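Undergrad: If you scroll down you'll find the structure; I have some questions about it.
None of the figures in this text is laboratory data; all of them are computed from the coordinates on show. Since the model is a prediction, treat every value here as computed from it, not as a measurement. Cβ placement follows ideal geometry from the backbone for every residue including glycine, while neighbour counts extend to all protein chains displayed.
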Amino acid sequence: MSNVLSTRDVDILIEGDGAETILMVHGWPDTYRLWDAQVQFFKEHYRCVRFTLPGFDVARARRAYSLDEVTFFFKQLVEEVAPRQKVILMAHDWGCAFSYEFYMRNPQMVSRIIGVDVGDRTSLQQSRTLRDWMMVFAYQGWLALAWVIGRRIGDWMTRFMARVLRCPLTAGAHRVADELSVLHALVRWPEILSQAGAAVYSDLSNPVHLRQSQAVHVPCEEMGG
């Protein structure tokens with residue numbers, strides 16, 4: 001079964017049957033299409049709910065969304081698609097920042113958490129070399145500048161970085177220039193910074209509070225690749 005509904009000007013795609021619902025939250029710079037393969041696998045036994053995060057859809061109005069707005073959107077969505085039921089959170093990359101924040105604010109609405117391509121709870125305790133920081137700054141800074149410049153030059157910068165990073169192509173895309181899903185220049189850079197940055201800052205600024213009163217009390221699987 002497949003169904004599409006709209007919540008707060010965001011299209012929600014619901015596929016599959018099952019007693020439990022998986023809420024799939026993509027990261028940056030992706031869209032709901034990130035979960036195509038996972039939906040095909042899980043939809044025989046679960047209801048798979050996915051969407052493109054507010055501020056990430058180039059077909060929608062361009063504006064920034066606060067962390068409060070995004071987590072409230074999650075709450076409204078869960079209440080609509082799974083009333084009086086808990087959902088399984090499956091999140092990727094920066095989508096984990098929003099999803100974990102949603103869980104901390106609404107633990108009664110989540111049964112399990114799956115984090116993909118995200119550091120575990122010991123990540124902040126690990127040291128980073130100067131090379132690590134320079135590598136992150138190089139590609140993130142380049143893509144941020146591409147977003148600011150925009151248009152043809154910004155698109156060229158983004159495609160160039162996609163080639164450098166050897167981003168995989170999806171079916172039907174024969175070259176990086178054809179692959180829209182890797183075009184960071186089309187993604188809302190200020191929005192991801194305003195949303196995820198606020199979540200990360202709140203986590204780092206009060207780690208003791210998080211450990212003591214916001215511990216995870218549901219099964220949580222975190223993986224990277």
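Undergrad: Quote the FRET efficiency, to the nearest 0.05, computed for Ile149 versus Glu222 with a Förster distance R0 of 25 Å and r equal to the Cβ-Cβ distance. List each step's numbers first, then the result.
TA: Values: r = 35 Å, r/R0 = 1.41.
Efficiency at R0 = 25 Å is approximately 0.10.
Undergrad: Let me ask something additional. Relative contact order for segment 1-160: what is it in percent, counting Cα pairs under 8 Å that are at least 6 residues apart? Write down the numbers at each step before the final one.
TA: Numbers: 220 pairs, mean separation 30.8, N = 160.
Here the relative contact order equals 19 percent.
Undergrad: At 7 Å along Cα-to-Cβ for each site, give me the label-to-label distance between Asn106 and Asp17 in nm.
TA: 2.7 nm
Undergrad: Could I ask something else about it? In nm, to one decimal, how far is the Phe137 label point from the His45 one, both placed 7 Å along Cα→Cβ?
TA: Roughly 4.7 nm, to one decimal.
Undergrad: With a Cα-only, solvent-free Debye model of segment 1-92, what are the log10 I(q)/I(0) values at q = 0.24 Å⁻¹?
TA: -1.38
Undergrad: Please identify the GluC sites (Glu not before Pro) of segment 1-100 that satisfy two criteria: DSSP loop assignment and at most 15 other Cβ atoms within 10 Å. Which are they?
TA: On the way: sites: Glu15, Glu20, Glu44, Glu69, Glu79, Glu80; in loops: Glu44.
Of the GluC sites (Glu not before Pro), the ones in loops of segment 1-100 whose Cβ has at most 15 other Cβ atoms within 10 Å are Glu44.
Undergrad: Just to confirm a number: summing +1 for Lys and Arg and -1 for Asp and Glu over residues other than Met90 whose beta-carbon lies under 15 angstrom from that of Met90, what do you get?
TA: Overall, the nearby charge balance is -2.
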